[in-house]
1. Take the residues in the stretch 60-94 that are over 19 Å from Gly36 (Cα atoms) and small (Gly, Ala, Ser); name whichever of them is farthest from the ligand (Cβ to nearest atom).
2. Tell me which residues, restricted to the stretch 72-105, are buried (at least 19 other Cβ atoms within 10 Å of the Cβ) and either assigned to a loop (DSSP other than H, G, I, E, B) or without any contact (Cβ under 8 Å) to a residue 24 or more places away in the chain (or both).
3. Confirm whether Gly56 is away from the ligand (no atom under 16 Å from the Cβ) and either exposed (fewer than 12 other Cβ atoms within 10 Å of the Cβ) or more than 18 Å from Arg112 (Cβ to Cβ) (or both).
4. I need the full set of residues from the stretch 13-38 which are out of contact with any Pro (no Cβ under 6 Å at 6 or more places or on another chain) and within 14 Å of the ligand (Cβ to nearest atom), in order please.
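Read-outs throughout are calculated quantities, based only on the coordinates presented, and are distinct from any laboratory measurement. What you see is a predicted model, and the numbers here were worked out from it, not measured in a lab. Neighbour counts are summed over all protein chains in view; Cβ atoms, including those assigned to glycine, are modelled from backbone coordinates with ideal geometry.
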Amino acid sequence: MGYGGWARTFIADVRVWQKEGPETDYYATQAIVGHGSFGTYLKQIRRRENDECWFGCEVPDTPAHTIFECPKFDEVRRQAKDKVGKEVTEGNVEEMLVRSEDSGLAVMEMLREIMKIKERDEYKWEATREGGHNPPSSG
Ligand SMILES: [Zn+2]
């Protein structure tokens, strides 16, 4: 348990991963497991009231949205694409991770960068909430 369907987007076969897959770390693990700075997850654990993407996309902020769709991370994805040779998508990320060492590292770097930015912005968002719901201009 724990590794739901989402993790299989990255790890189709744990044995192959252990043999060929790159090292994971704190940030990459969040992306792979789907537990981290994602609106849907934060709502599930009651840290947030709604699960919308906090970069203004007006869609539920699922791990798939953050990693493969959200325009906020277009630049990070473009850098990965330059290194891997093609766009990393939900459909090919698993293959890209184990295809070669370079490819795997580039994808891990992409996941790490995205989650770092995401987490930083989550804290920023929570800090602005500290004072409550009232706009600062009041009283
Ligand atoms: Zn978004």
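1. This residue is Gly85.
2. Scanning the stretch 72-105 gives Val84, Val88, Met96, Ser103.
3. Working: away from the ligand (no atom under 16 Å from the Cβ): no; either exposed (fewer than 12 other Cβ atoms within 10 Å of the Cβ) or more than 18 Å from Arg112 (Cβ to Cβ) (or both): yes.
So Gly56 fails the test.
4. Taking the stretch 13-38 first, the residues out of contact with any Pro (no Cβ under 6 Å at 6 or more places or on another chain) are 13-33, 35-37.
Listed by number, the list holds a single entry, Ser37.
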